[in-house]
1. Greater than 30 Å separation of Cα atoms is the criterion. Which listed pairs, Lys343/Lys436; Lys214/Lys277; Lys154/Lys436; Lys35/Lys158; Lys158/Lys511; Lys214/Lys529, meet it?
2. What's the center-to-center distance, using Cα atoms, between segment 379-415 and segment 156-224 in Å?
3. Residues of segment 361-443: accessible area per residue at 1.4 Å, in Å²?
4. Taking amide H positions as placed 1.01 Å from N in the peptide plane, with prolines and chain starts having none, which residues 5 or more places from Thr99, or on another chain, fall under 5 Å of its amide H?
5. Could you size up the charge dipole of segment 188-270 around its Cα centre, putting +1 on the beta carbon of Lys and Arg and -1 on that of Asp and Glu, and report it in debye to the nearest 20?
6. So if R0 is 56 Å, what FRET efficiency would Ile92 and Ile146 give, r being the distance between their Cβ atoms, rounded to the nearest 0.05?
7. Please find the FRET efficiency linking Ile420 to Leu252, where r is the Cβ-Cβ separation and R0 is fixed at 41 Å, and quote it to the nearest 0.05.
8. Per residue of the chain, what 222 nm ellipticity follows from adding -39500 (n - 2.57) for every DSSP H run with n ≥ 4, rounded to the nearest 500?
Amino acid sequence: MGYDEAIVHLGDFGRYQKIIYFLICLTSIPVAFHKLAGVFLLAKPDFRCVLPFENGSSYDLEPHLWNLSYSGKDGCSYYDVEYSEAYLEGNITRKSNDTKSCSSYVYDQSKYLNSAVTEWNLVCGREFLAATSDSLFMFGVLLGSIVFGQLSDKYGRKPILFASLVIQVIFGVLAGVAPEYFTYTFARLMVGATTSGVFLVAYVVAMEMVGPDKRLYAGIFVMMFFSVGFMLTAVFAYFVHDWRWLQIALTLPGLIFMCYYWIIPESARWLLSKGRKECAIANMQKAARFNKVEVTNEALSELLDEGETSEEKAKQKLEDEDKDEGPPPSVWDLFCYPNLRRKTLLIFLDWLVTSGVYYGLSWNTNNLGGNVLLNFVISGAVEIPAYVFLLLTLNRWGRRSILCGCLVMAGLSLLATVVIPSRMHSLIVACAMLGKLAITASYGTVYIFSAEQFPTVVRNVALGAASMVARISGMMAPFLTFLATIWQPLPLLICGSLALAAGLLSLLLPKTHNKPMLETIADGERFGKKTKGDVYLETGQEMRQTPETQPLNGSADSNGLKSNGQKF
């Protein structure tokens, strides 16, 4: 608690902290640019084959010529006949239904001037390449969360943040000038990796610079800035119609953040964790001077020494206990006991569905019909009230109620879009956006709810595993939107069904609101487990031991409890 107490002497969340926090939040905006840019970079407009008699024609074609030329509405093939003047005027009857594959295409430019799809003809059997490109982008996000997370813990938050920004700008520009598909996809994969380096590190810095009572608000507002970037992506797409210039325009704002190198300090918490107390005190004194607060180096050192002493004692205690009890618990222990395994699988399902539905809806705005840019802006705007809703209710109504309610609402809203007549376009969009609002709220809830379900001894690694599961569904989301080529409402039908099922299954998880944090594997196994006396251990109170609540294979002491982990 040394640093948390020292924050109070620096003016708590004073003017200095507010400015640094605001600057950190701004870095979330270009992250949103890159994560959502694929909607426009890989947009698929209407298209058709260029017919043999055409030369530089536009997409528009008279209905009778369409019937004489194409066998279906996909525009991927045309009748293999002689397109003479007499045939086109209807004076000659077609003798064969044989078709010929396209050699070139013409695209409808009423919505998009061009895109990577139109430039490289990612249509007619090549559509999967567009979905694969977005999927590999999300694979880059997964790799980045692993690599940059470890690097930031080893080398510091500040250098990794700026290294990510530099790499992001370089490969963002490369994606804009890529001569062919594979270079573009590789560049986008690297950009995806750097979005984790920027967002995760910025999120950690924002959380580390505030006290415990403000962390909920600090985390939520970082996400709100991501939503602002979501909406601004549509603004760029409105003014920049060429996909290459759009990619470059979305990348160049990252140059602005290079000046942060002389403004943003290294995280004091990280400096203290590495034993660099003098540097931490220097940064804290800078904050104190800016906030016009006077505090001596000796006073700060004493506060930090108190926290350091407490941490050393706790660390020594853990080491002593681990020597006696063997290897520490791992994430695999969550699957060794029936109650823990059931809860872990349910939580992983929540992460899988929440991430997949969120990105599936975000990337599906092109398939809703109507004004694509307006749909996109609304999809980003509804995230703001979702986060405000969490701020007002998360500590009042409980995590399980909100998670279950939001997932069920998302599921019902999305399923409603399937049965609403297509002529009622505004109502379809409204239901889809209500589903987006609900799934965003559930995304914000699942982080906290999962942390409270996992025991302290495996909490960090368990959340990392859950996040990896979420990235897997994010990689599948582009192929989900690809299903719209089979049946336009199909992506929303799948998203709605998954959200509804996950919401109802979440009721099987125990409530965590106002309950003690779980410390050991034994605590996790007992929590929410039905005993022979039909009493649910959701209260966090000590109960008499039954065969089901005995110590688990040496992972608990004689009372079935072990405190060999720090509070989350």
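The values are calculated or read from the model by the stated rules, or taken from the named source; none is laboratory data. Just so you know, these numbers come straight off a predicted model, no measurement behind them. We place every Cβ from the backbone using ideal geometry, glycine too, and count neighbours over all the protein chains shown. Heavy atoms of the whole protein, side chains included, go into the accessibility calculation; ligands, DNA and RNA do not. Shrake-Rupley method; radii C 1.70, N 1.55, O 1.52, S 1.80 Å.
1. As for pairs spanning more than 30 Å Cα to Cα, those are Lys154/Lys436; Lys158/Lys511; Lys214/Lys529.
2. Spelled out, the Cα-based centre of one part sits 26 Å from the other.
3. 38
4. Asp80
5. The dipole of segment 188-270 has a size of about 100 debye.
6. FRET efficiency, Ile92 to Ile146: 0.30.
7. 0.50
8. Only helices count here, giving -20500 deg cm²/dmol.
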